[in-house]
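K.L.:
Pasting a structure here, questions to come.
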Amino acid sequence: METAADAPERVLSLVREHSGREYSLVGRAKAGEQGAYIVEDREGRRFILKYSRNSDSTPLRFKQITSRLRSAGYPVPEYVHVGSASGLGWVIQTMLRGTPRPAFAPEHVRELLTLNEIQAGRSAGLEAAWPQRPIEGVMRGYDGYCVIETMRRHSRESAAMLEHLQDLVTRCSAADFTTRDLVHWDFNPANILIDDGHISGVVDWEGACAGDRAFDLVTLLFYRYKSAAERDLLWRYIRDNFDLNTIRVYAAHMIVRQVEWSLRRQTQRHVEHYTEIAQAMLADLGS
C-alpha cells in the first residue's frame, strides 16, 4: 500500500512515464510553498514539485495563470511541466530566489501594491464564482477550512463573533463586486519571497480564481494588522480604491478562516492573537 511518504516518488514516476523527463526527490521545501517538494533534474537544476489527488485540467490552469502574470512582469514561478494521470495531478515549477519574511518594510508594501495592480482585469478564461466564494466561507464554510461549526460550538464568544460576521456579510452582500481581476486567494506573508531588499516572488497560486484583487490586499492586511506602518499603508490604498462594503465581506471571510483554523489547529496564543486582530479590524471598519 502506498504511504504519504511514497507519494512524491510515485508522482515522479508518472512524470517520467508521461513526459520522458526524469527528476529525483531532494526533500520537502522548508518555506514559501505548502505541501511542496524540492526535486532535481539530471543537470542538477532544482525545481518545486506540487501534486494533488485529481485528474482534471486544474494543473494546466495553474500554468496559464502564471504565464499570464509572468508576461506582465509579475515574479511568479514558471510551470515547466504540468500533467495528470492515475488520479494525480502535478506541477513542476522553477524555484524562485528569496525567503518569506514575517514583516515588510514600507517599500515592500508599495511593491506589493504595484503587483496587485497587475492582477486587475486579468481573469480572462477563469470561472467567476465571485463573490460567492468569500461569502460561502462565512455563511456555510468549506471542507477543511472555514469550518463554521468550530466557531459555533467552541464558546459563547466565538459563536457570537460568527453570528456578527454572518450578519455583516448579509448586510453587505449587495455591494458592487468586481469579477474581472485575478485573485491569489492566500496572499499572506508565507507566500511572498524577498531577496536583496525586493519582492522576488509570489508563490502558491493553486487557489487562484477570478474575482476582486482587493481580497488579496485584505488578506495581507489581516496578517500584518499589528504593524502600524504596514497597516496604515494598506488601509490608505484600500480606502482610496475599493468599496468599503466589499472590504467588510472580505474581512469577515478572513476572520472566520483564520480564527476557526486557530481554534481547531493552533494554540491558545494564536487564538488570542487573531481574535485581537479581528476585533480591531471590525472596529476600524465600523462594523
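K.L.:
So in the range 104-124, with the set limited to residues that are in a loop (DSSP other than H, G, I, E, B) and either touching a His at 6+ places or on another chain (Cβ under 9 Å) or open to solvent by less than 50 Å² (accessible area, probe 1.4 Å) (or both), which one is farthest from residue 184 (Cα to Cα)?
P.N.:
This residue is 105.
K.L.:
I'd like the residue in the range 3-19 that is open to solvent by 20 Å² or more (accessible area, probe 1.4 Å) and modelled with pLDDT of 90 or more and, out of all such residues, is nearest to residue 79 (Cα to Cα).
P.N.:
Checked the range 3-19; the qualifying residue nearest to residue 79 (Cα to Cα) is 16.
K.L.:
Follow-up question, since we're still on this one. Can you tell me which residue in the range 242-287 is farthest from residue 154 (Cα to Cα), limited to those that are surrounded by 19 or more Cβ atoms within 10 Å (Cβ to Cβ) and among the aromatic types (Phe, Trp, Tyr)?
P.N.:
The residue in question is 242.
K.L.:
What are the pairs with Cβ atoms under 9 angstrom where one residue, in the range 141-170, is part of a helix (DSSP H, G or I) and the other, located anywhere, is surrounded by 12 or more Cβ atoms within 10 Å (Cβ to Cβ) and of a type in the set (Phe, Trp, Tyr)? Sequence gap at least six, or different chains.
P.N.:
These pairs meet every condition: 150/261.
K.L.:
Here's another thing I want to ask about it. May I ask you to list the residues in the range 180-202 that are open to solvent by 10 Å² or more (accessible area, probe 1.4 Å) and either at pLDDT below 95 or not in a strand (DSSP E or B) (or both)?
P.N.:
180, 185, 186, 188, 189, 190, 196, 197, listed by residue number.
K.L.:
Still on this structure, I have one more. Of all residues in the range 175-186, which are of a type outside the set (S, T, N, Q) and without any contact (Cβ under 8 Å) to a residue 60 or more places away in the chain?
P.N.:
Within the range 175-186, 185, 186 meet the criteria.
K.L.:
Let me ask another. Considering only the range 125-138, state which residues are touching a residue at least 24 places away in the same chain (Cβ under 8 Å) and open to solvent by 60 Å² or more (accessible area, probe 1.4 Å).
P.N.:
125, 127
K.L.:
When both residues are 6+ apart or on different chains and their Cβ atoms are under 6 Å apart, which pairs have a first residue that lies in the range 218-243 and is more than 12 Å from residue 109 (Cα to Cα), and a second that is charged (D, E, K, R) and open to solvent by 30 Å² or more (accessible area, probe 1.4 Å)?
P.N.:
If the second residue must be charged (D, E, K, R) and open to solvent by 30 Å² or more (accessible area, probe 1.4 Å), the pairs left are 225/231; 243/176.
K.L.:
So, restricting to strands (runs of 3 or more DSSP E) that lie completely within the range 37-100, which ones have at least 1 residues that are open to solvent by 40 Å² or more (accessible area, probe 1.4 Å) and in contact (Cβ under 8 Å) with a residue 24 or more places away in the chain?
P.N.:
46-52, 79-85
K.L.:
Here is a follow-up. Among the residues of the range 212-235, is any over 19 Å from residue 158 (Cβ atoms), open to solvent by less than 20 Å² (accessible area, probe 1.4 Å), among the small types (Gly, Ala, Ser) and part of a helix (DSSP H, G or I)?
P.N.:
yes
The values are calculated or read from the model by the stated rules, or taken from the named source; none is laboratory data. What you see is a predicted model, and the numbers here were worked out from it, not measured in a lab. Note that we place each Cβ from the backbone using ideal geometry, even for glycine, and neighbour counts take in every protein chain shown. We work out accessible area using only protein heavy atoms, side chains counted, and drop any ligands, DNA or RNA first. Shrake-Rupley method; radii C 1.70, N 1.55, O 1.52, S 1.80 Å.
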